[in-house]
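Chemist: Shown below is the structure under consideration.
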Amino acid sequence: MVTLPRYFRALRSAYERTIRWRRHLDLVRTLRELGLLSDFETAKYIFSRLLRPGTNDLSIMVVEARGELGGDRAIVRFEGVDYARVVSRQWPG
């Protein structure tokens, strides 16, 4: 969400809601301060180690854009659900 204004200059407002587990923010701040989130591959490895095998994870995203299209009011809405299950902790490669 933070990059939307860069790519959509006409964007006047946007908001997001994120729900995480208890103490999530403290953990992520610590990982960032230790430099463990500095690149994508390292961050992916760290987070794969945080979830125990057999853990289910769920991500829900709803994106709605409102504006004008050809002089008429328009709404475009996208909804996505992503499920993940940690099977093992082995790191590929």
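The values are calculated or read from the model by the stated rules, or taken from the named source; none is laboratory data. These numbers were taken from a predicted model, which means no experiment stands behind them. Here the Cβ is made from the backbone with ideal geometry for all residues, glycine too, and neighbour counts use every protein chain on show. Just the protein is used for accessible areas: all its heavy atoms, side chains included, with ligands, DNA and RNA removed. Shrake-Rupley method; radii C 1.70, N 1.55, O 1.52, S 1.80 Å.
Chemist: Residue pairs, Cβ under 7 Å, 6 or more apart or interchain, first in region 1-20 and under 17 Å from Glu64 (Cβ atoms), second part of a loop (DSSP other than H, G, I, E, B) and at pLDDT 70 or above. List them.
Modeler: Met1/Ala14; Met1/Glu16; Leu4/Leu11; Leu4/Ala14; Pro5/Leu11
Chemist: Among what's in region 59-90 and is farther than 27 Å from Pro5 by Cα and not in a loop (DSSP other than H, G, I, E, B), pick the residue that is modelled with the highest pLDDT. Let's see the steps before the verdict.
Modeler: Within region 59-90, the first condition is being farther than 27 Å from Pro5 by Cα, and the residues that meet it are 83-90.
Next cut, not in a loop (DSSP other than H, G, I, E, B) only: 83-85.
Values: Tyr83: 76, Ala84: 72, Arg85: 70.
Here the answer is Tyr83.
Chemist: Looking only at region 23-58, which residues are within 21 Å of Arg85 (Cα to Cα), in a helix (DSSP H, G or I) and not aliphatic (A, V, I, L, M)?
Modeler: Correct list: His24, Phe40, Glu41, Thr42, Lys44, Tyr45, Phe47, Ser48, Arg49.
Chemist: Can you tell me which condition Arg49 does not meet? The list is (1) modelled with pLDDT under 80; (2) within 20 Å of Thr3 (Cα to Cα); (3) touching a Phe, Trp or Tyr at 6+ places or on another chain (Cβ under 9 Å), and all the others hold.
Modeler: Just one mismatch for Arg49, condition (2).
Chemist: For region 1-46, which residues satisfy the criterion of being of a type in the set (Ser, Thr, Tyr), at pLDDT below 75 and either touching a helix residue (DSSP H, G or I) at 6+ places or on another chain (Cβ under 9 Å) or closer than 22 Å to Asp57 by Cα (or both)?
Modeler: Listed by number, the list holds a single entry, Thr18.
Chemist: Further question on the same structure: Show the residue pairs meeting these rules: Cβ distance below 9 Å; 6+ apart or different chains; first residue within region 60-81 and open to solvent by less than 70 Å² (accessible area, probe 1.4 Å); second residue at pLDDT below 80 and of a type in the set (Phe, Trp, Tyr).
Modeler: Ala65/Phe8
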